[in-house]
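The values are calculated or read from the model by the stated rules, or taken from the named source; none is laboratory data. None of these values were measured; they are calculated from a predicted model. With ideal geometry, Cβ positions are generated from the backbone for all residues, glycine too; neighbour counts draw on all protein chains shown.
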Amino acid sequence: MFDILSDRTYRHLFLAQVVALLGTGLATVALGLLAYDLAGESAAMVLGTIFTIKMVAYVSIAPIAGALADRVNRRALLVTLDLIRGAAALCLPFVSEIWQVYVLIFLLQSASAAFTPTFQATIPDVLPEEARYTRALSLSRLAYDLENIISPTLAALLLAVMSYNSLFLGTVAGFAASALLVVSVLLPSPQASQPRGFYDRTTRGIRIYLATPRLRGLLGLNLAVSSAGAMVLVNSVVLVRGELGLSASALAWTMFAFGTGSMIAALLLPRILDRVADRPVMLVGAWTMVAALLGVATLILTIGLSWPLLLVVWLIIGLGYSTVQTPSGRLLRRSAHAEDRPAVFAAQFALSHACWLVSYPLSGWLMTAFGTLPALMVLAALSIVGILAALRLWPSHHPEIVEHSHDNLPIDHPHLQGHRQHSHALVIDDAHPRWGSQF
């Protein structure tokens, strides 16, 4: 897996991702402490609002950013967005009102909503071979999981010798280092083959996404992932601290178990995906999460909840989580031409976070209003709905190569090469506006 780091361009981009993630992790810790300073006992409400702002920015800004990504130099765009994120983080230590935090967070997360899908869409252009790109996806998943472990640890060490406001300077340093690493390499910037209006460019990614069967199936799997993931990310603190009465360090180890499962899957997936198609692998991952949720609900009914049980179940959910998440980039890469990839990656970014925007509050409300068992059962049921949608929308016989004919193009069109009927890997574009065998 690590041999792809020999590619200088990818190595710099990967390091840029790592340092930006570390900076973001430090900001997450500092924001919690800042919220408590500003709002006291209402800090949870402030943090909940911050996370909602983050999701709204992701869902609303990403498609617009995807529309602009093929109009500007990608390297310049990514560097500019890193600088905007750094500037927003630099202002956070100086705020004195809660509304100022909200404004800065919206600015920072809007820049992230533009940065992340553009960055993700650049990797398949840098590593065009699918096997190498698969390893890059696994490495990226590892980076996210390690950040969840390293950032809180680093924050704890830094807080021993400095105030939490200084953590925001670490965030600024992370974004500045990311900008320097991006600017140090040349990046491909595929341009649109023909000029398009702003509305067309803004909606193009979502239209391609929803017209492609494998991506419609991915949307169902996004719902399954967000439902199971929300149980872990939202309710772990209640289960560990409230129901089990354990310490904060036990909560950290519980989240570590989830991250460990995710890392194990990320390490194993490149070899598995060399031999097995994406669809069955991702479906196994999704069903694994459902089985874990229903299994722990059954065990709670029979023997009660214990910390070792929770650790094992969270590790299994982590395995399933990464097994679904990691191959998704391969589906997106396969489903768009190079100039459309930023828009399609932006569509995935927006639509997947729309699923989280539903599952986050639903998970917290179920746990608060009804308790652990109803939360587990309802979120498992919602995951099953997502999987069943994926099975229906992305059939097992879904072919890569589609034989089709064109009545929508003149016979002298370069795409036809004199033949109205032909076959190739079908991708939604101007010549193929929908999925099918007749255009």
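Before moving on, here are some points about what is shown:
- Meets criteria (at negative phi, crowded, with 18+ Cβ neighbours inside 10 Å and at pLDDT 95 or above) for V290: yes
- Residue in the range 80-87 that is among the small types (G, A, S), at pLDDT 85 or above, in the same structural domain as G170 (by TED's automatic domain parsing) and surrounded by fewer than 17 Cβ atoms within 10 Å (Cβ to Cβ) present: yes
- The C-beta contact set for the range 181-196 (first residue within 13 Å of T122 (Cα to Cα) and modelled with pLDDT of 65 or more, second residue crowded, with 16+ Cβ neighbours inside 10 Å and not charged (D, E, K, R), distance under 6 angstrom, 6+ apart or interchain) comprises V182/A16; V182/L78; V182/V79; V185/T9; V185/H12; L187/T122.
- The test for being part of a strand (DSSP E or B) and among the hydroxyl-bearing types (S, T, Y) does not hold for S396.
- Verdict on S226 being modelled with pLDDT of 90 or more, surrounded by 17 or more Cβ atoms within 10 Å (Cβ to Cβ) and part of a helix (DSSP H, G or I): yes
- Test for L268: is it surrounded by fewer than 22 Cβ atoms within 10 Å (Cβ to Cβ), closer than 30 Å to V312 by Cβ and at pLDDT 90 or above: yes
- Test: residue in the range 302-309 that is out of contact with any strand residue (DSSP E or B) (no Cβ under 6 Å at 6 or more places or on another chain), of a type in the set (S, T, N, Q) and either in a loop (DSSP other than H, G, I, E, B) or surrounded by fewer than 22 Cβ atoms within 10 Å (Cβ to Cβ) (or both): yes
- Candidates are the residues of the range 107-155 that are closer than 15 Å to A20 by Cα and acidic (D, E); the one that is surrounded by the fewest Cβ atoms within 10 Å (Cβ to Cβ) is E147.
- Subset of the range 58-75 that is farther than 24 Å from L181 by Cβ and buried (at least 20 other Cβ atoms within 10 Å of the Cβ) - its residue that is modelled with the highest pLDDT: P63
- For the range 59-81, a residue qualifies if it is without any contact (Cβ under 8 Å) to a residue 12 or more places away in the chain and not hydrophobic (A, V, I, L, M, F, W, C), and exactly one does: T80.
- Extreme residue, surrounded by the fewest Cβ atoms within 10 Å (Cβ to Cβ), among residues of the range 353-373 that are among the small types (G, A, S) and at negative phi: A369
- Cβ separations smaller than 9 Å between residues 6+ apart or across chains give no pair from the range 205-221 residues that are within 19 Å of I61 (Cβ to Cβ) and outside the structural domain of A354 (by TED's automatic domain parsing) to residues that are among the polar types (S, T, N, Q) and at pLDDT 95 or above.
- I84 vs. criteria more than 27 Å from F258 (Cα to Cα) and in contact (Cβ under 8 Å) with a residue 24 or more places away in the chain: yes
- You will find that of L246, L239, the residue that is within 30 Å of M367 (Cβ to Cβ), of a type outside the set (G, A, S) and outside any helix (DSSP H, G or I) is L246 and no other.
- Candidates A179, A143, A136, A113, filtered to the one that is in a helix (DSSP H, G or I) and under 19 Å from A57 (Cα atoms): A113
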